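Below: the structure, in structure tokens.
Only the coordinates and a few stated rules stand behind these numbers; no lab work does. Note that the structure is a prediction, hence the values are computed from the model and not measured. Every residue, glycine among them, receives a Cβ derived from its backbone with ideal geometry; neighbour counts consider all protein chains shown.
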Amino acid sequence: MSRSISAIALYTDFGPLDHYLGQMRAVLHDRVPSLPVYDLMSNAPRFDPRASAYLLAAILDDLPSGTLVVAIVDPGVGSNRKALMVQTCRHVLIGPDNGLLTLAARRSPQLQAWKIDWTPVKLSTSFHGRDLFAPVAAMVARGEPFPASPLSPDALVGWDWPDDLAEVIHADVYGNLITGLRTAKLDRDALIRAGGHLIANAGTFSEAPPGALFWYGNSSGLVEIACNQDSAAGRLGIGIGDKIDLLGKGPATANP
């Protein structure tokens, strides 16, 4: 792999309150002190690589070319699941082979994948982010070789997942419900059924009266259900993993 790394972004479900992010940052700073490291997201859907994969794929395009993303949503840590490195046409992704990287990889017109064969002298059974993935990210950033085996992309876990997912994949701090559906795949006159409500489209929050439910295309290109000046999650009583129904034109594979 030959790519100049401009920054490292961390995408995790660790949350900001514990020491895990700090320890990963410390490893990276020790090994590549001149490289910027930032948190892309620290509250990715917890224990849910599939929901996290659809969200990561949507927000990846906003990152500068040459960004290395270390993605950790890894409920299978310590098991025999593989560790991966994926190179897309613009980014490098490192993380577990549990589907987390697969949607982002599959949407790239150019793609290479490797199984990471390198293991550190000390490897905890519960924190591969610090002990395995962060050191490998530093080696990639420094241009240092390490043991890895080429993988066929279609061997990645989740390669057969649908391109669009008619489920809630994230609820933000406002209670807005982000789905795995790309806005470009949905007609504006489509209705969404969720939590016993039929929900129509509004182009902006200001088009909906206060307290009204609506769906719109969010800034990452995903269909999002919102309630103007209130919580859609609270109003509908649904959350991550709950399915939505489409009434009108939408992706044929949206709701497996």
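Near P64: Cβ cut-off under 14 Å, other residues only, Lys/Arg at +1 and Asp/Glu at -1. The net charge is 0. Eight or more residues apart or on different chains, and alpha-carbon atoms under 24 Å: count the Lys pairs in the chain matching that. Summing the qualifying lysine pairs gives 4.
Hull volume per residue, based on the alpha-carbon atoms of the chain and their convex hull, is 130 Å³.
Using R0 = 41 Å, the C-beta based FRET efficiency linking T204 and D117 works out to 0.25.
Between the stretch 160-187 and the stretch 112-150, the C-alpha centres lie 31 angstrom from each other. Just to be sure I understand: of the beta bridges DSSP finds with both ends in the chain, what percent are antiparallel, rounded to 5? So the antiparallel bridges in the chain amount to around 70 percent. Within the shell defined by Cβ-Cβ distances under 13 Å, the residues around D48 carry a net charge of -2, with Lys and Arg each +1 and Asp and Glu each -1. Pairs of Cα atoms under 8 Å, at least six residues apart: use those to get the relative contact order of the chain, whole percent. Across the chain, relative contact order equals 17 percent.
Tally Lys and Arg at +1 and Asp and Glu at -1 over the other residues with C-beta under 15 Å from the C-beta of H91: what net charge comes out? Value of the local net charge: +2.
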